[in-house]
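**Q** Got a structure for you, questions after.
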Amino acid sequence: MEPQYDHKKYEDEIYNLWEKSGSFKPSLKGKPFSIIMPPPNANDPLHIGHAMFITIEDILIRFHRMLGDSTLWLPGTDHAGIETQFVFEKKLSKKNESRFNFDRDTLYKMIWDYVQENSGVAIDQMKKIGASADWESFKFTLDKNIVSKVLETFIKLNHDGLIYRGEKLVNYCTKCGTGYSELEVIHEEKNSPLYYVKYYFTDEKEKYITVATTRPEPIYVDTHLAINPKNKKTKYLKGKRILNPLTGSVMEIIEDSFVDPSFGTGIVKLTPAHDQTDFEVAQKYNLPIVKAIGTNGKMIGGPFNEMKISLAREETIKMLTEKGCIEKIDKNYINKVSTCYRCHNTLEPIPLAQFFIKTKPLVNGALKALDSKETLIFGAGQEKILRHWLNNIRDWNISRQIVWGIRIPVWYSLKDNKNLEVSFIDKEGNKKSGKLSDFNFVEVEKGLQSIKASSDAKFVVSINKPDGEYLQETDTFDTWFSSGQWPVVTLQTNKRKDFDKFYPTSVMETGYDILPIWVMRMMLLGIYTTGKSPFKIVYLHGLVRDEKGRKMSKSIGNVINPLEMVEKYGADALRFALVVSSTPAQDKSVGENSFRAMRNFSNKIWNAARFVKDFENSVEDDQLFNLWCQKELPNQITKLLTNYKIGLAAESLYNDFWHRFCDIEIERAKKGEVSSKQLKEGLLTFIKLLHPFVPFVTESVYKEIFAKDKDDLLINSSWIK
Ligand SMILES: [Zn+2]
């Protein structure tokens, strides 16, 4: 054995040995044990959070493989619609190009090629971390057979009356050019001035009331103000008429209990087209819903038509000040603002016709699965959180205004939709938009960029194009609509026909931060399409934070690149540092010191093995040593791993190996109290129990000391219970 363990010398070679041996494929015998890997973005290198889930899942898979189970760990990647298109558009803009210069099909192909170029990176990195996944079963969310399964689900939902098209307020990012669902919105506290605007009465010219607002620019479309019927201070205003401070048109005051009497002056303005609550109130009282802001982030009509929102706000305040309608401005007001999780731009609630899934009818199955313990959640407090989301679910907006994704299988005929708004590139290469019937249909079809169909547009749901002059919807599904079906569609399309054997899967392991956005949807859609919850256990790991407990972020500059740590300290050190003492759903702090310390552990294993290998004595076995090493220790670790106490198992192994096996038992052996034969057996026990955690160094030791021939690998050896 080499005097020093150098991970760089061993890791790649060991990985190749495993892969070539076919060990990653499920064995024909044994109980099924399966994990579907959360698919990372196909286009991105891995971050430390990925390293966390890869490690935990690999530990579970290796443990069950050694137990003799037929293990399947199915890997894959996600097309990550919005993120990927966003990155691609940034690249385009560097070349002074924009997505608006291309027709939809061309743009899609360009992004496809771009993703293909990068797609190998994430896979190679997972291998570097030691992932013993079944690469032959690898799936990508845009694989043809996956896409057809996803489309089938939409067709089924539509057939069951669970899909509808409706104009609703969506959280729209004017920068990214797409809407988001409620769950994807980030609420950030931002400083936005609170303006106190005077509204004069129609009958008494000098008298006015004051309304506080952070959003003065759409005032010109407002038709109503609202007060709380229980508020004594404002009760006298009921039925009074006042003047719109920008347009001078007459406005009415309505009463509703939604008004918070303690906000501002207790009187609020209603802008139904651009505020979720106001929208609901407007529907309740049948008030007009007039748009003031377009999807391009510019004003529609009014005194500042076509002006950007921020500029229009300044101009509005100037105008109101000139009219004497500004009472005061609270410049230090802190407001909770909805922002884009991608670019942090403030989101605009904008009415858009979108496709929605009625989610309420799907909820019962998921609640039942929790009640009956068909699915168990590991992570303190997380089941309660999941139940909360399920009980308060809203319909799911699945339309996204991007090309990179699975195109919604909905078709609009020219015959029924002459007024359909289309944008396209004509045969001369010019951008055109307008009514469909004003253009040559074939030309529109060929150069199509986007369609904006109204909520009452007539459409046909079909996977294939219907006969005649039809245009397909240009929106794509929310990425989570396909990843929400991941455990089902990956197994259904697996060439070994694994579905019956491995569904429901054994474990879904992912971060607690995507419990509602992903895990919940997998349960809803999995139960809807198969009748069974897609997993028996949900193991939620915590976020990985820096040594000071801060979130890792580019702006702080505390991001740890897991691959850099593998390069420096070895994959084993990275893995062990991430999981040791970790608890489900609790954040874990790590820093470079943690990885360095765990590299020392790899060295400790190597050095102990070197000593044990050549150590000889001829004393009798010590029965206490055998009891500990052949029974108590394996029992304890097996019990911990069976109960998903991965962090504790790692911690005990570390302590038992370092502080008992090395510090005490090796010293006793030197004194003749433990035999060399049983010391070797003890080492073998340890490297087996440690293998799931630190697979490379343990396999290297096994090869040096225990392997009978070159095909004899620790990865396939049997567990000691
Ligand atoms: Zn954005």
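**Q** For the subset of the range 50-83 comprising residues that are at pLDDT below 90 and crowded, with 24+ Cβ neighbours inside 10 Å, which member is nearest to the ligand (Cβ to nearest atom)? Step through it out loud before you land on a result.
**A** From the range 50-83, those at pLDDT below 90 are 80-83; that's our starting set.
Still in the running and crowded, with 24+ Cβ neighbours inside 10 Å: 81-82.
Numbers: Gly81: 13, Ile82: 8 Å.
Looking at the filtered set, the residue picked out is Ile82.
**Q** Within the range 464-479, track down each residue that is modelled with pLDDT under 95 and either in contact with a helix residue (DSSP H, G or I) (Cβ under 7 Å, 6 or more places away or on another chain) or in a strand (DSSP E or B) (or both).
**A** Thr479
**Q** In the range 622-655, what residues are charged (D, E, K, R) and either free of Cβ contacts under 8 Å to residues at least 12 places away in the same chain or in contact with a helix residue (DSSP H, G or I) (Cβ under 6 Å, 6 or more places away or on another chain) (or both)? Full working, then the answer.
**A** Quick first cut of the range 622-655, residues charged (D, E, K, R) only: 622, 631-632, 639, 645, 651.
Those that are charged (D, E, K, R) and either free of Cβ contacts under 8 Å to residues at least 12 places away in the same chain or in contact with a helix residue (DSSP H, G or I) (Cβ under 6 Å, 6 or more places away or on another chain) (or both): Lys631, Glu632, Lys639, Lys645.
**Q** I want to confirm something. Restricting to the range 427-461 and keeping residues that are touching a residue at least 24 places away in the same chain (Cβ under 8 Å) and part of a strand (DSSP E or B), which single residue is farthest from the chain's Cα centre (by Cα)?
**A** The qualifying residue farthest from the chain's Cα centre (by Cα) is Lys431.
**Q** If I filter the range 426-485 down to residues being touching a strand residue (DSSP E or B) at 6+ places or on another chain (Cβ under 6 Å) and aromatic (Phe, Trp, Tyr), which single residue comes out as nearest to Lys109 (Cα to Cα)?
**A** Among those that are touching a strand residue (DSSP E or B) at 6+ places or on another chain (Cβ under 6 Å) and aromatic (Phe, Trp, Tyr), it is Tyr470.
**Q** Which residue pairs have Cβ atoms under 7 Å apart, sit 6 or more places apart or on different chains, and have a first residue in the range 497-519 that is over 18 Å from Glu374 (Cβ atoms) and a second that is assigned to a strand (DSSP E or B) and among the hydrophobic types (A, V, I, L, M, F, W, C)?
**A** Going by the 7 Å Cβ cut-off, the qualifying pairs are Asp498/Leu72; Thr510/Leu540; Gly511/Leu540; Tyr512/Leu540.
**Q** Take Val185 and decide whether it is of a type in the set (Val, Ile, Thr), in contact (Cβ under 8 Å) with a residue 60 or more places away in the chain and either buried (at least 20 other Cβ atoms within 10 Å of the Cβ) or more than 16 Å from the ligand (Cβ to nearest atom) (or both).
**A** Judged against the criteria, Val185 is not a match.
**Q** Just to be sure I understand, how many residues within the range 521-568 are surrounded by fewer than 22 Cβ atoms within 10 Å (Cβ to Cβ) and within 23 Å of Tyr654 (Cα to Cα)?
**A** The total comes to 7.
**Q** Can you name every residue in the range 84-124 that is within 16 Å of the ligand (Cβ to nearest atom), more than 20 Å from His50 (Cα to Cα) and among the hydroxyl-bearing types (Ser, Thr, Tyr)?
**A** Ser93, Ser98
**Q** Of all residues being more than 16 Å from the ligand (Cβ to nearest atom) and basic (Lys, Arg) in the range 302-361, which is farthest from Asn244 (Cα to Cα)? Just the residue, please. Working first, answer last.
**A** To start, the set of residues in the range 302-361 that are more than 16 Å from the ligand (Cβ to nearest atom) comprises 302-307, 311-336, 351, 353-361.
Restricting the remaining residues to those that are basic (Lys, Arg) gives 313, 318, 323, 328, 331, 336, 358, 360.
Details: Arg313: 16, Lys318: 16, Lys323: 12, Lys328: 18, Lys331: 23, Lys336: 26, Lys358: 38, Lys360: 40 Å.
Checked the range 302-361; the qualifying residue farthest from Asn244 (Cα to Cα) is Lys360.
**Q** So how many residues does the range 341-350 have that are within 23 Å of Asn392 (Cβ to Cβ) and modelled with pLDDT under 90? Lay out the reasoning, then the answer.
**A** Let us first name the residues in the range 341-350 that are within 23 Å of Asn392 (Cβ to Cβ), namely 341, 347, 349.
Remaining after also requiring modelled with pLDDT under 90: 341.
Residues in the range 341-350 being within 23 Å of Asn392 (Cβ to Cβ) and modelled with pLDDT under 90: 1 in total.
Every residue, every condition in (1) farther than 16 Å from Thr55 by Cα; (2) of a type outside the set (D, E, K, R), yes or no:
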{"site": "Glu469", "(1), (2)": "yes, no"}
{"site": "Glu473", "(1), (2)": "yes, no"}
{"site": "Leu524", "(1), (2)": "yes, yes"}
{"site": "Ile527", "(1), (2)": "yes, yes"}
{"site": "Gly531", "(1), (2)": "yes, yes"}
{"site": "Ser555", "(1), (2)": "yes, yes"}
{"site": "Leu563", "(1), (2)": "no, yes"}
{"site": "Leu578", "(1), (2)": "no, yes"}
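**Q** Still on this structure, please answer the following. Find the helices (runs of 4 or more DSSP H) located wholly in the range 583-683 whose residues include 2 or more that are exposed (fewer than 15 other Cβ atoms within 10 Å of the Cβ), and list them. It would help to see each step written out before you state the result.
**A** Numbers: elements: 592-614, 623-626, 633-642, 646-655, 666-670.
In the range 583-683, 592-614, 623-626, 633-642, 666-670 are the helices (runs of 4 or more DSSP H) which contain 2 or more residues that are exposed (fewer than 15 other Cβ atoms within 10 Å of the Cβ).
**Q** Can you name the residue in the range 142-176 that is within 16 Å of the ligand (Cβ to nearest atom) and not hydroxyl-bearing (Ser, Thr, Tyr) and, of all such residues, is nearest to Ile82 (Cα to Cα)? Break it down stepwise before answering.
**A** Just the residues of the range 142-176 that are within 16 Å of the ligand (Cβ to nearest atom), to begin with: 170-176.
Then keep just the ones that are not hydroxyl-bearing (Ser, Thr, Tyr); that gives 170-171, 173, 175-176.
Details: Val170: 16, Asn171: 14, Cys173: 11, Lys175: 12, Cys176: 8 Å.
So the residue we want is Cys176.
**Q** Another one. Do you know which residues across the range 106-146 are over 22 Å from the mean Cα position of the chain (by Cα), within 21 Å of Ile463 (Cα to Cα) and either in contact (Cβ under 8 Å) with a residue 12 or more places away in the chain or surrounded by 19 or more Cβ atoms within 10 Å (Cβ to Cβ) (or both)?
**A** Within the range 106-146, Tyr108, Asn145 meet the criteria.
**Q** Please work out which one of (1) part of a loop (DSSP other than H, G, I, E, B); (2) under 23 Å from Pro272 (Cβ atoms) is the condition Pro349 fails and give its number.
**A** Single failed check for Pro349: (1).
**Q** Something else: Determine if the range 225-238 includes at least one residue that is more than 16 Å from the ligand (Cβ to nearest atom) and hydroxyl-bearing (Ser, Thr, Tyr).
**A** First, the residues of the range 225-238 that are more than 16 Å from the ligand (Cβ to nearest atom): 225-238.
Among the residues that remain, those that are also hydroxyl-bearing (Ser, Thr, Tyr) are: 234, 236.
Checking the range 225-238: at least one residue is more than 16 Å from the ligand (Cβ to nearest atom) and hydroxyl-bearing (Ser, Thr, Tyr).
**Q** Could you please find all residues in the range 334-345 being surrounded by 15 or more Cβ atoms within 10 Å (Cβ to Cβ) and over 15 Å from Ser181 (Cα atoms)? Lay out the reasoning, then the answer.
**A** Of all residues in the range 334-345, those surrounded by 15 or more Cβ atoms within 10 Å (Cβ to Cβ) come to 337-342.
Once the filter is applied, which keeps residues that are surrounded by 15 or more Cβ atoms within 10 Å (Cβ to Cβ) and over 15 Å from Ser181 (Cα atoms), the range 334-345 yields only Val337.
**Q** In addition: For the range 296-342, enumerate the residues that are under 22 Å from Tyr172 (Cβ atoms), of a type in the set (A, V, I, L, M, F, W, C), in contact (Cβ under 8 Å) with a residue 12 or more places away in the chain and part of a loop (DSSP other than H, G, I, E, B).
**A** Phe304, Cys340 - these are the residues of the range 296-342 that are under 22 Å from Tyr172 (Cβ atoms), of a type in the set (A, V, I, L, M, F, W, C), in contact (Cβ under 8 Å) with a residue 12 or more places away in the chain and part of a loop (DSSP other than H, G, I, E, B).
**Q** In this structure, does Phe378 turn out to be under 30 Å from Lys452 (Cα atoms), of a type in the set (Phe, Trp, Tyr) and away from the ligand (no atom under 16 Å from the Cβ)? Spell out how you get there, then give the answer.
**A** Details: under 30 Å from Lys452 (Cα atoms): no; of a type in the set (Phe, Trp, Tyr): yes; away from the ligand (no atom under 16 Å from the Cβ): yes.
Against the criterion (under 30 Å from Lys452 (Cα atoms), of a type in the set (Phe, Trp, Tyr) and away from the ligand (no atom under 16 Å from the Cβ)), Phe378 does not qualify.
**Q** Here is a follow-up. Please enumerate the residues belonging to the range 188-202 that are over 11 Å from Ser338 (Cα atoms) and either among the polar types (S, T, N, Q) or within 16 Å of the ligand (Cβ to nearest atom) (or both).
**A** Restricting attention to the range 188-202, the residues satisfying the condition of being over 11 Å from Ser338 (Cα atoms) are 191-202.
Result: Asn191, Ser192, Thr202.
**Q** Give me the residue from the range 255-306 that is of a type in the set (Val, Ile, Thr) and more than 35 Å from the chain's Cα centre (by Cα) and, out of that set, farthest from His224 (Cα to Cα). If you could, list the steps in order and put the result at the bottom.
**A** To start, the set of residues in the range 255-306 that are of a type in the set (Val, Ile, Thr) comprises 259, 265, 267-268, 271, 277, 281, 289-290, 293, 295, 300.
Then drop every residue that is not more than 35 Å from the chain's Cα centre (by Cα), which leaves 265, 267-268.
On the way: Thr265: 16, Ile267: 11, Val268: 9 Å.
Taking the candidates together, the pick is Thr265.
The values are calculated or read from the model by the stated rules, or taken from the named source; none is laboratory data. What you see is a predicted model, and the numbers here were worked out from it, not measured in a lab. So basically every Cβ, Gly included, is an ideal-geometry build from the backbone, and we count neighbours across all protein chains shown.
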